[in-house]
Amino acid sequence: MKYRPDIDGLRAIAVLPVVFYHAGLPGFSGGFVGVDVFFVISGYLITGILHKEMLAGHFSILSFYERRARRILPALFLVLTASLAAGWVWLAPEEYGAMAGSAGATLLFASNMWFWQNSGGYFDGATDYLPLLHTWSLAVEEQFYIGFPLLLMVLVRLGRRATLGVTLALVGGSLALAIWATPQMPSASFYLLPTRIWELGIGSLLALGLAPGNVPRWARETVAAIGLAAIVLAATLYDASTSFPGLGALPPVLGAAALIWAGGQGRTLTGRLLSWRPVVFIGLLSYSLYLWHWPIMAFARNRLLLVELPAAWQAGTILLAFAAAWASWRFVERPFRAGRARSLGRNAIFALSGVGTGALAAAAVAVFFTGGAERRFTPDQVAELDGIGLAPEVPDCRNRQDPVRPCTFGNPDASRRWLLWGDSHAAALLPVMDKIAGAQNLALEFASEAACPPLPGLIRSAREPGQRAKCLQFNDRLVDEALSGGYEAVILHARWPLYVEGKRYGSEVDEPSILALAGASDFPPDASGNPSLVYSSLTGVLRRLTSAGVRVVLVAPVPELPWDVGLATKASVLYDTPMPPDPATNLVQARQARTLQLLAAAAEMPGVRLVHFAAGICDSTCPTHDARSAFYRDNNHMTAEGERRLVAPILAEALADWPPRAAKTPATTPGTS
C-alpha cells in the first residue's frame, strides 16, 4: 500500500487529544475519542494490506503475525518492564498485585476483559491510578486481527459482493449492539470487542473500496473539512457523561473515515495540514506516545495521590511522555521495523516474542501470587495498608439483582428477623450488625446495591440509564420483601448527605447526584430539589412499613471527611508523609446539618428510631486513624476497624432495648422540616 503522510498526520490528530485528556488539560474533555480514530486507521491499513496480498495470491498468516509482532511487541515489552519496575517502588501491595494481573492480561491481549471485570467503568476516578489501563485498546485490535484475516481469506474466495456484504453486516450488527448495550451495560460496551468491531470495520470497508471514487475536488475538500471538524468537536465537547460508544462514537469514527477517503481521492487543504512535517512526526511517534503517556501519568497520580494533576505536573508528564516516546520510537520501534533488527528472520522474531512474553509473564505471576510483593514492607505496614479495604462482605450479598432472597446473618434459625437495606454504607455496616444480631438471637437478612439508596421511586443523574433501572427495580422489590417477609424491624442506612446535598465532599472528584422522580423526562439543572425528594420518598417508605407493623431503625450517616484517609495512609506508608490532622467537628456538622434535620423530621413517625453517629464519635475533632489503623478507607466509607471501634458501640447500645414487633397501627404524617 502506498505511503500516505496524511494518515500519519491523522494519527497525530488521534493521539494528541488522548494525551491531553489523560493529563487533565482543560478543553479536551472528549479526548478519549482519539482511540476510535486509531481503530478506523488500523482497520483501513491492515485490511488494505491483507486484501491486496490475498488478491495477489501471496498472503501468509505467519507473515502477517510476524509484522504484527515487529510492530507491537518490542515497545510494549519495554513499557511493561518499566511499569513493573516502577510499581515495585510506588505501588502498595494490593495495587501492585492488580497491576501484575493486568500485565499478564496485556501479554495475552485480553486486558480489555481484565479491566472490564476488575476496574469498574473507564470514566471512574479510581481507574486513573491503573498504570496499564490504556492497553485495553491494544487488546481490542489484536482480538480483531485474530479472526478477521481468516474470515477475509474465505470472503475473498467468494468474491467482492460477498466480501462487502458480510463486512457490512458485521459493521451494522456491531453498531446496533453498541447502541443497545451502551446504556444497558456501559462498561462492557466500552471495553469489549463486539461493540467495537464496527469502528475497525468502517476502516475495512474503506480499504475494500465501498466508498465512491473520482469525485470533484470541492466534494473531497468539503468531506475532509467536515471530517476533521467532527473529530475536533467530539474531542472538545464530549465528556465522561457522554453515552459512549454507540451513537456517540459515530462523529469521530465517520470523521476519521472521511479524512482517509478524501485523502485517497487527491490532495486537499486538510490533507496538506495533516501532511505537515511536524504533524507527521507526531504521528510517527503515536504508538510509542500512546504506550508511554498513560503509565507516566498514572504513576504520577499514584505518587501524588491525586486524580487531578496540578498544572506543572500536567506539563511535566506530557513532556516526559514525548521524550520517552521519541526514545522508544528511535531505538526500539524503528530497528525492528526498518533498522538492523529487520534482518532478523521470522523464526527469530517469534522466538524473541516468546522469550519476552515468557519472562514478563513470569515476573507478573510472581508479583501477583506474592500479594503484590508485600515483603517489600514490614508486617505492620502491610496490616495498615490492608486495613484500608472496604469492610468485609460475604460474596454474592452485595449488588444482588434479585433481593427477594437476601443473605442471612446473625442466627439464621431465629424466629425474630430483621432486614438491613441500603447502599455501600449499609454493606460496610454489615459486620457490626451481624455481631449485634448474633448477640440478640436475631436472623439478620441483608440486601445492598452500590450507589442505590433506599429511596424508592427516585433516580440519580450520576448513574447510567441501565443502572438507574436496576436501582429502581431493586428498591421496588425490597419494599415488597420488607412488607411481606415477616420482619420485626428494617434497618435503613445510606450515605444520606450525598443524596440530600446532591454533591460529593472534600477531595472527591465526581459528578453531582441530582435526583428526579422515576419517569421524569429530564433532570433538574441543580440539586436544590434533592431534600424534598429525599424526604418524600423516605417518609413514603417509612409510612408503608410502620403501617404494616414493621418497626424501622433509621441509621444516620457516619462523619464524612474533607480528605481521603486511605490515600493519606498510603502516602504515610509508601512515602513517609505525615498524616493530616483530624478534621474539626464543625466541618462534619456543616456537611450533615440539613441531612440530620431531615432524618429527625422523618423519625418523628411512630415506630421509627433514629440512631446518630457523629455526636458519639466526634469530640472537638472527628478521629480518622490511630498509630496502627486507619478508620476510613476513603473520606466516607469506614474500614472494618473503624466500624468496629467507632460505630459498633453506639449501634449496639441504641439497639439493645429495641422493642419487639409492634401491633399494626395507622401511621401519622410528620411535619416538614
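Read-outs: derived from the displayed coordinates by stated rules, not from any lab. The structure displayed is predicted, hence computed values, not measured ones. All Cβ positions, glycine included, derive from the backbone under ideal geometry; neighbour counts span all protein chains shown.
Numbers for the structure displayed
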| quantity | calculated |
| --- | --- |
| The chain: relative contact order in percent, alpha carbon pairs under 8 Å with at least 6 residues between | 15 |
| Eligible aspartates and glutamates near K570 by straight Cα distance, threshold 17 Å, same-chain separation 8 or greater | E94, E95, D128, E374, D380, E384, D386, E508, D582, D626, D634, E641 |
| Stokes-Einstein D (µm²/s) once Rh is taken as the Kirkwood radius of the range 5-376 over alpha-carbon pairs, at 10 °C in 1.306 mPa s | 75 |
| Between the range 487-551 and the range 72-135, the alpha-carbon center distance in angstrom | 36 |
| Dipole-positive endmost among A178, V19, L205 within the range 5-376 (Cβ charges, Cα centre) | L205 |
| Answer label for Rg and Dmax of the Cα atoms in Å (calculated), chosen among (i) 28.4, 88; (ii) 26.2, 80; (iii) 27.3, 93 | (i) |
| Degrees separating the helix 565-575 axis from the principal Cα axis of the chain, which is the longest one | 60 |
| Options A103, A169, G120, ranked by Cα towards positive dipole end of the range 5-376, top entry (Cβ charges) | A169 |
| Folded to 0 to 90 degrees: helix 34-56 orientation relative to the chain principal axis, Cα | 40 |
| Contact order normalised by residue count of the range 5-376, Cα under 8 Å, 6+ apart, percent | 34 |
| Angle in degrees between helix 346-369 and the longest Cα principal axis of the chain, rounded to the nearest 10 | 10 |
| Unit charges on C-beta of K, R, D, E only; dipole of the range 5-376, Debye | 1340 |
| Sum of -39500 (n - 2.57) over DSSP H runs of 4+, divided by residues of the chain (222 nm, nearest 500) | -19000 deg cm²/dmol |
| Charge tally in the Cβ shell below 12 Å around S119, where Lys, Arg are +1 and Asp, Glu are -1, S119 excluded | -3 |
| Charge-dipole axis of the chain as Lys and Arg at +1 and Asp and Glu at -1 on Cβ define it, positive-most pick from W276, A548, V79 | W276 |
| Set of lysines near K470 by C-alpha distance (under 27 Å), chain-local residues within fewer than 8 positions excluded | K503 |
